[in-house]
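Colleague: Take a look at this one; I'll ask things after.
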Amino acid sequence: MGTVPVVLPDGLSGRPVAAQIEREFPGVWAWYGKATGSWWAMVRLGNAARLVEALNPHELRNAIVQAQGWPWPR
């Protein structure tokens, strides 16, 4: 079973989903990039930070948990 990207209908921002992810992972900033069609998060790693990209909210949660070694989406 492959990963399916999420395409939001016009007028939707993805903010409610991103806000839920931010509540689940305090200190993480999350958003949906309308221009890229990807989900993004800025994750703190000690004194550094890492930008992770995912195809859908489920994959973004995995990317946040595994931010140290997370690859870019396929």
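The values are calculated or read from the model by the stated rules, or taken from the named source; none is laboratory data. Source: prediction; values computed, not measured. A quick note on method: Cβ atoms are made from the backbone with ideal geometry, for glycine too, and the neighbour counts reach across all protein chains shown. Just the protein is used for accessible areas: all its heavy atoms, side chains included, with ligands, DNA and RNA removed. Shrake-Rupley method; radii C 1.70, N 1.55, O 1.52, S 1.80 Å.
Colleague: Could you check segment 29-74 for strands (runs of 3 or more DSSP E) lying wholly inside it with 1 or more residues that are over 19 Å from residue 14 (Cα atoms)?
Modeller: Qualifying strands (runs of 3 or more DSSP E): 38-45, 48-54.
Colleague: Using beta carbons and a limit of 6 Å, which pairs, at least six apart or on different chains, have the first residue in segment 40-68 and among the charged types (D, E, K, R) and the second one modelled with pLDDT of 95 or more and open to solvent by less than 60 Å² (accessible area, probe 1.4 Å)?
Modeller: What qualifies is 44/27; 50/43; 53/40.
Colleague: Right, here's the next one. How many residues, within segment 31-61, are of a type in the set (Gly, Ala, Ser) and surrounded by 13 or more Cβ atoms within 10 Å (Cβ to Cβ)?
Modeller: 4
Colleague: For segment 38-47, does any single residue satisfy the condition of being of a type in the set (Gly, Ala, Ser), modelled with pLDDT under 90 and within 11 Å of the chain's Cα centre (by Cα)?
Modeller: No.
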